[in-house]
Amino acid sequence: MSEIVEMEKIAAKQIKNTFLEIEEIKFLNNYSENKITGFTIVDVQVTTIYGKKSNFDISMSLNNNTNDKYSGSGENPKLQEGRTEGRVKIFYSNGNQEES
């Protein structure tokens with residue numbers, strides 16, 4: 001598994017632990033890397049069970065492997081805070097997908 005997908009899996013858990021009623025998480029192929037901090041920034045599209053979509057970027061790092069809440073980078077997405085208990089469709093940047 002590539003490091004990017006490994007970081008995406010961690011980020012997906014963090015998003016799921018932060019926002020209510022998430023149905024789908026898509027990691028887009030728009031990445032940038034901050035070599036000083038060691039973080040990789042990726043664009044993400046999150047869809048709720050009501051069809052509401054929110055696009056935002058997140059900072060990911062293999063050193064940040066906690067499944068705690070998403071702490072964000074930049075403007076917070078317009079999603080309701082809480083925890084999604086149900087299964088979420090996750091689309092990784094390498095084309096793979098799973099439900100978690």
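Just so it is clear, none of the values below were taken in a lab; they were calculated from the coordinates. Source: prediction; values computed, not measured. Cβ coordinates were reconstructed from backbone atoms using ideal geometry, including for glycine residues, and neighbour counts include every protein chain displayed.
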- Task: Would you work out the relative contact order for the chain, in percent, from Cα pairs under 8 angstrom that are 6 or more residues apart?
- Result: 36
- To the nearest 20 debye, what is the magnitude of the charge dipole of the chain about its Cα centre, counting +1 on the Cβ of each Lys and Arg and -1 on the Cβ of each Asp and Glu? 160
- Rounded to whole Å and sorted largest first, what semi-axes of the equivalent ellipsoid does the C-alpha gyration tensor of the chain yield via the square root of 5 times each eigenvalue? 20, 14, 13
- Message: Taking θ = phi - 60°, what integer Hz values does the Karplus form 6.51 cos²θ - 1.76 cosθ + 1.60 yield along region 3-10, in sequence order, with x for Gly and Pro?
- Response: 4, 4, 5, 4, 5, 4, 4, 5
- Query: If we count every other residue with Cβ under 9 angstrom of residue 42's Cβ, Lys/Arg +1 and Asp/Glu -1, where does the sum land?
  - Reply: -3
- Message: Can you compute 3J(HN,Hα) from phi for each residue in region 51-58, using the Karplus curve 6.51 cos²θ - 1.76 cosθ + 1.60 with θ = phi - 60°, rounded to whole Hz and x for Gly and Pro?
- Response: x, 6, 10, 9, 10, 7, 10, 10
- Put +1 on the Cβ of every Lys and Arg and -1 on every Asp and Glu Cβ in the chain; which of 30, 86, 15 then has its Cα farthest towards the positive end of the dipole? 86
- Name the long-range amide H neighbours of residue 21: under 5 Å, sequence gap of 5 or more, or other chain; modelled H, no Pro or chain starts. 84, 85
- Message: Test of understanding: extend the Cα→C-beta vector of residue 85 to 7 Å, then name every residue of region 12-44 with backbone N under 17 Å from that spot.
- Response: 16-23
